[in-house]
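Have a look at the structure below before the remarks.
Derivation of every value follows stated rules applied to the coordinates shown; laboratory data play no part. Just so we're clear, the structure is a prediction, and the values are computed from it rather than from any experiment. We place every Cβ from the backbone using ideal geometry, glycine too, and count neighbours over all the protein chains shown.
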Amino acid sequence: MKSCLLFLSTISFLNSFSQNTALTFNGTTQYATIGLTGPTSNFVNPAISLIALPVVYKSFTARVDGNDALLQWTTAQEQNSRDFTIEHSIDGINFKPITKLDAAGTTTRETNYVYKHETPIKGANYYRLVQNDLDGKSSISEVRKLVIDGSNRSMVLLGNIATNGQLQMQINRKTPVSLYTMDGKLLFRRQFNPGTHRLELAGYSKGMYWLSAEGSTEKIMIR
């Protein structure tokens with residue numbers, strides 16, 4: 001049986017065929033059935049099948065590391081990849097960016113990435129990756145969830161942004177809590193007993209500060 005390999009390069013050329021199309025090969029006319037749509041279609045759109053994905057993920061995991069969240073992901077290949085924005089959420093719906101990591105650019109080799117989130121909240125934490133291309137396009141990964149119990153920390157913040165001058169924190173054992181400027185100047189030091197507390201910070205200027213307790217130091221924002 002003779003075979004004829006047809007290279008069909010454009011959709012318009014394909015659309016010129018009817019279901020029973022006459023094909024002439026070496027002077028002999030044969031009739032062939034070519035399906036362009038439906039479950040028996042012989043046609044694959046080359047404009048779709050030949051598009052290279054900018055990033056192909058091999059894995060993306062999030063696990064508890066002490067009281068931190070350890071994120072790890074591996075890409076099988078990357079094309080024109082600029083960076084990854086790591087986003088965090090406490091409800092799985094509203095995400096906020098926490099950092100960016102530079103991407104590999106263009107490579108066909110496996111690339112490994114690691115990031116440790118040192119200020120997750122006590123309870124459920126959700127993470128996702130936003131991969132940004134050099135051409136300005138972005139894609140979002142699947143969401144990963146983990147639960148931090150906070151049992152090893154003397155202080156766990158329930159969010160690190162003081163809104164309306166207040167910041168909530170969970171104290172796991174009796175400990176002094178101190179507030180410092182970013183250059184290390186002590187602003188106050190106060191003893192707290194175990195439990196949930198609302199820290200009043202309305203008297204301080206807007207900006208970034210360090211909040212420190214025994215075995216735990218967190219960066220906070222007053223706005």
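Quick notes on this structure:
- The label point for residue 64 and the one for residue 112, both projected 7 Å from the Cα toward the Cβ, are 2.4 nm apart.
- Sequence-distant lysines (8 or more away, or on other chains) whose Cα lies within less than 22 Å of residue 137: 58, 96, 100
- Counting neighbouring beta carbons within 10 Å and listing from fewest to most, the residues 156, 56 come out as 56, 156.
- Order of 60, 188 - criterion: other Cβ atoms within 10 Å of each residue's Cβ, fewest first: 188, 60
- Partners of residue 185 within straight-line reach, counting lysines whose Cα lies under 24 Å from its Cα and excluding those fewer than 8 residues away in the same chain: 174, 206, 219.
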